[in-house]
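Read through the structure below, which is laid out as C-alpha cells, and then see the notes.
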Amino acid sequence: MKRHLISAADLTRDDAVLILDTAEEMARVADRPIKKLPTLRGRTVVNLFFEDSTRTRISFEAAEKRLSADVINFAAKGSSVSKGESLKDTAQTLEAMGVDAVVIRHGASGAPYRLATSGWIDAAVINAGDGTHQHPTQALLDAFTMRRRLVGREAGLGQDLSGRRITIVGDILHSRVARSNVDLLHTLGAEVTLVAPPTLLPVGVGHWPCEVSYDLDSTLPKSDAVMMLRVQRERMNAAFFPTEREYSRRYGLDGDRMARMPEHAIVMHPGPMVRGMEITAEVADSDRCTAVEQVANGVHTRMAVLYLLLGGNEPAVTHARTEETK
Amino acid sequence: MSKILIRGAKVLGGEARDVLVDGETIAEVGTGIAAGDATVVEAEGRILLPGLVDLHTHLREPGREDSETVLTGTRAAASGGYTAVFAMANTFPVADTAGVVEQVWRLGREHGYCDVQPIGAVTVGLEGRKLAELGAMHDSAAAVTVFSDDGKCVDDAVIMRRALEYVKAFGGVVAQHAQEPRLTEGAQMNEGVVSAELGLGGWPAVAEESIIARDVLLAEHVGSRVHICHLSTAGSVAIVRWAKSRGIDVTAEVTPHHLLLTDELVRTYDPVYKVNPPLRTERDVMALREALADGTIDIVATDHAPHPHEDKDCEWAAAAMGMVGLETALSVVQHTMVDTGLLTWEGVADRMSFKPARIGRAEGHGRPVSAGEPANLTLLDPAYRGTVDPAGFASRSRNTPYEGRELPGRVTHTFLRGRATLMDGKLA
Ligand SMILES: [Zn+2]
C-alpha cells in the first residue's frame, strides 16, 4: 500500500481486499470484552477537521483509540480559505509536534493531496473527505458492508465484489461519496450504475467506469445494492431540479420502489438520512437498510486503514493474539 | 548620441543583415556596414525582431506592490524582449479615472525599461454598472486607447453596447474578458472529464463562447470594433473565425500558456496551474495554435499575472488565479509555434509586435526594422536550450508553470528607442 490514502482510485484490487479482510479482523476485536489493540501505542494521530463532521470524526477517533494511538482533535473550523495560509501553517505546526498521521477533512477538493505532496508535512495523510472530490474510507466501509451482506462475513474473506450490481442514486455532481464508490467498486469488479437527473451528473461522467441512467425504476430490479445519496435542499434554489416533491417522485426511494428490488438486495445510505426527501421512513427503518451497520463498519474499516498505513506488515490479528496471551 | 551596430542578425528570421542604430532610430539596414565608433553586438545566428508589445499585462501598481510594481514589471518585460506593455486596469484603486491612468503612465516613463500604456476600466470600479470616464482617460496624458474590465466580464449587454459605441468617438477599443458570470459561479478549472474526477467546480467553455458570440454581434450592430482577451477554447476560435468572415471588426488574443498547457496538469492540484480562463484540453490547444497561425487569432498577449508566493502555496481552492508570463512568452511561442512549423519568425513579429501595437495604437512600436524607424528591437538566440529557473526572474513574483521545464530560445538584447534595456541577457 501507498503511504497515504487520498483517493479510492489509489487502491489496487489487492490493497482493497486486504483492507476489507483486515477490517473483518478488526470487527472480531469489537466483539471482545476489551475492544482495544496495542498496535499504535506511542503513535500520534491528528484529526484535522476544517469542515464540521461529527460522525466521521467520531468514527476515526474510535478507530484510533481502539488501536491505542494518541489522538489529537484539531477543529480548524471557521478558518476561512480566503488566503489559504491556514492549511500550510497548521500542517507545519503538526509537523513540529511530530505527528505520525493526519486524518484530514477539508471543504476544498485536493487539500489532502496538497498536504501529502507539497512537502509541508512528513506524516501519513488520510483523506476523510475533501470538497466534492473523494472520501475513500467511506467507500471502503460501503464495500465492506456490501461484501458482508452480499457475499457473507466468512465467505467474503479474500473476495471482491465481482459481478455485483450497485446503483448509486442522487446528487452525484456534488458527491465525494459517489466518486469514491465508483472508483473502488470498479476496482473490486462490481458493475455500478449512477442514477440522477441530468443536472446532478457532472459533465464528463461518461468517462467514468460505470453506467449512467436518468431512470430509477428501470434500474431497481437489477440491483444488488441501492445506495441513496443525500440531496441538499439548497440545490433546489440553484435550479438543479424544480421542486422537492418532483425530486422525491422521480428519484426518491419509497416502499413501492423498494419492492421492485430483488429479494436479497440492500438499501444503503451514507448518512445522515433526511427522511422524506430521498428516502422514506419506511425504507430507512426496514431490515434491508444498512445505514446503522455502515456506521459500525466505518470504525472497523478505519482501524484497518490506520493499521495498514501505520502499523506493521504482519496481520493485525496475529499481533492482537500475541498480545492477548501475555 | 551613441551608436550600436547589430552585426549579422537574421532580421525577422530572414537573411543576415547589419543594423546600425544611431540615437533613438535605426540609421541603416544592410550588409557590411562599417562599425566606426559604434558599439558592436555580434548577432550571428540570432533573430532580430521589432520590440515586442504586450497588450495584456498586470503590473499590480497601485495597490499590490507586493506582487509587482511598474518598475519590476517593466524590467520583466525588458527581459522578455518587450518594449511596450499595456497595463490592465484592475489595480487598487482601479484605473477608472484620468488620475490613476496618468499615475501608471508616469511611473512607466520614470522607470524607462519599456513604455507603459495604461488600459482604462470600462466601468466604475470594474463593477459593470456605470461607464467610467472613458473620454477623460483618453484625453489625459496617458492617452488611453484600450478599455477593459479584465478580471471581470462586462456581462451586461447594454453596458457593453454603450461602451462599444462610446469609444468610437476617439478610436478606442474595448477588450473583453469573456466569462459569463452565472455559468462560472464557483468555477475552479475547465469543466470536463478532469474536473468531474477531481471534484473541482467546472468552468464550461460555453461561458466564454456565449459572451464572445454576443459581443461580436453587438460590435457588428453598432459598427464598432471589439477585442477579445485570452481565447481559450476551440469554440471561441470558431466564433471569431465566423465573425471575421462576416466582416465584423473583431480582434483576438491568446496567451502563451493556452498554447501549451492543458487541464490534465490540474491533476497535481498545484495552484501554479490555476489561471483565468482555465487551462483547457489538448483539442483546444491545437485549435488555438492553428488559429494563431492562420490569423484568426491576431496576437499573443501574456496576461502576465504576478502573485506572491503565499497566494499560491496553499490548497487549490484558496489560491489566486494567474501566472507570470512576460519572461517566458517568446520561448513558449518558439516552442509551440515556430519549432512546430506553424509560424515563421516573421509571423511571430506580426503576432507579438506589429499587430498588438496596431490594436492598441502604441506609437512608435510594431514598426518595420528599417532605416528611419524608432529603434525598438529584440534580439534572441533561437538555438539556446535551458530549463526555466524562476529564481532568475526580474518579475517580483515567481508563479510560473514552467519551473524546471526545458524551453527553447532566449532573449539576449532589448533596445528601447536605441537604448539597451537588456544587454547579453542582463538588464541594463
Ligand atoms: Zn482576463
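Points worth noting:
- Size of the B/A contact, given as accessible area buried on both chains, probe 1.4 Å, in Å²: 1800
- Residue-normalised accessible area of the protein assembly as shown, given per residue in Å² at a 1.4 Å probe: 37
- Globularity index of segment A:136-290, i.e. its alpha-carbon radius of gyration over 2.2 N^0.38 Å: 0.98
- Dividing the summed -39500 (n - 2.57) terms of all DSSP H runs of n ≥ 4 by the residue count of chain A sets its mean residue ellipticity at 222 nm at -11500 deg cm²/dmol.
- Shielding score for B:265-272, defined as the mean number of other chain Cβ atoms within 10 Å: 4
- Chymotrypsin sites (Phe, Trp or Tyr not before Pro) within segment A:97-161, DSSP loop, no more than 10 other Cβ atoms inside 10 Å: none
- Rounded percent of accessible protein surface that carbon and sulfur make up, the protein assembly as shown, 1.4 Å probe: 48
- Between B:Gly325, B:Gly199, B:Gly80, the residue with the greatest mean-square fluctuation in the GNM of chain B (Cα pairs under 10 Å linked by springs) is B:Gly199.
- Percent of Cα pairs in segment B:1-41 per distance bin of 10 Å, from zero to the largest separation: 34, 56, 10.
- Simple rule: put +1 on each Lys or Arg Cβ and -1 on each Asp or Glu Cβ in the protein assembly as shown, find the dipole, and look at A:Ala108, B:Leu49, A:Gln159; the Cα lying farthest toward the positive end is A:Gln159.
- Shielding by partners for peptide B:195-206, expressed as the average number of C-beta atoms from other protein chains within 10 Å of each residue's C-beta, is 6.
- Cβ charges +1 (Lys, Arg) and -1 (Asp, Glu), total dipole of chain A, debye: 380
- Anisotropy class assigned to segment A:1-73 is oblate, per the alpha carbon gyration tensor with a/c at or over the 1.5 cut-off and a/b no larger than b/c.
- Efficiency of FRET from Cβ geometry, B:Met286 and A:Ala155, R₀ 51 Å, rounded to 0.05: 0.45
- For segment A:210-270, the equivalent ellipsoid derived from the alpha-carbon gyration tensor has semi-axes of 23, 12, 11 Å in decreasing order.
- Per residue of chain B, the DSSP helices (runs of n ≥ 4 H) give a summed -39500 (n - 2.57) that works out to -7000 deg cm²/dmol at 222 nm.
- Nearest-0.05 FRET efficiency for B:Ala391 and A:Asp14, computed from C-beta distance (R0 30 Å): 0.10
- Other protein chain Cβ atoms within 10 Å, averaged over every residue that makes up B:304-317: 5
- With a Förster radius of 41 Å applied to the C-beta separation of A:Lys35 and B:Arg267, the computed FRET efficiency comes to 0.55.
- Taking all protein chains as they are arranged and a probe of 1.4 Å, the heavy atoms of A:Leu140 leave approximately 0 Å² accessible to solvent.
- When the surface is traced with a 1.4 Å probe over the full set of protein chains, B:Phe92 keeps roughly 130 Å² accessible.
- Model label zone, A:Asp215; criterion: amide N under 19 Å from point 7 Å along Cα-to-beta-carbon; scope segment A:190-206: A:192-201
- Note on segment A:1-126: along the principal axes its Cα atoms extend 47, 30, 25 Å, ordered by decreasing extent.
- Listed residues B:Ser331, B:Val388, B:His365: farthest to the positive end of the dipole of segment B:304-422 (Cβ charges): B:His365
- Between A:Gly129, B:Trp203, B:Ala375, the Cα set farthest toward the positive side of the dipole of the protein assembly as shown (charges on each charged residue's Cβ, about the Cα centre) is that of A:Gly129.
- Gap separating the Cα centres of segment A:208-252 and segment B:5-36, nearest whole Å: 72
- The charge dipole of segment A:136-290, taken about its Cα centre with unit charges on the Cβ atoms of Lys, Arg (+1), Asp and Glu (-1) only, comes to about 180 debye.
- GluC sites (Glu not before Pro) within segment B:139-237, DSSP loop, no more than 15 other Cβ atoms inside 10 Å: B:Glu185
- Once divided by 2.2 N^0.38 Å, the Cα radius of gyration of segment B:59-150 becomes 1.00.
- Solvent-accessible area of B:Leu71 with every protein chain in place, 1.4 Å probe, in Å² to the nearest 10: 60
- P(r) tail for chain A: Cα pairs beyond 39 Å make up 12% of the total.
- For chain A, the longest principal axis of the Cα atoms and the long axis of helix A:85-96 meet at an angle of about 40 degrees.
- Chymotrypsin sites (Phe, Trp or Tyr not before Pro) restricted to DSSP loop in segment B:47-154 with at most 12 other C-beta within 10 Å: none
- Kirkwood hydrodynamic radius over Cα pairs of chain B, then Stokes diffusion coefficient at 25 °C and 0.890 mPa s, in µm²/s: 115
- Candidates B:Asp298, B:Asp150, B:Asp66, ranked by Gaussian network fluctuation over chain B, Cα under 10 Å, top entry: B:Asp66
- Take every Cα pair under 8 Å whose residues are at least 6 apart in sequence, average their separation, divide by the length of chain A, and the relative contact order is 21 percent.
- According to the Cα-based calculation, Rg over Rh for the protein assembly as shown is 1.07, with Rh computed by the Kirkwood formula.
- Rounded to the nearest 20, the Cβ-based charge dipole of the protein assembly as shown about its Cα centre (Lys and Arg +1, Asp and Glu -1) stands at 1000 debye.
- Enclosed volume per residue, in Å³, of the convex hull spanned by Cα atoms of segment B:87-228: 118
- The distance between label points at B:His221 and B:Thr39 comes to 5.5 nm (points 7 Å beyond Cα on the Cα→Cβ vector).
- Residue of B:Ile119, B:Ile212, B:Ile359 that the Gaussian network model of chain B assigns the largest fluctuation, springs spanning Cα pairs under 10 Å: B:Ile359
The values are calculated or read from the model by the stated rules, or taken from the named source; none is laboratory data. Since we're looking at a predicted model, the values are computed, not measured. Glycine gets a Cβ as well: all are built from the backbone with ideal geometry, and neighbour counts include every protein chain shown. Note: accessible area is taken over every heavy atom of the protein model, side chains too, but ligands, DNA and RNA are not part of it. Shrake-Rupley method; radii C 1.70, N 1.55, O 1.52, S 1.80 Å.
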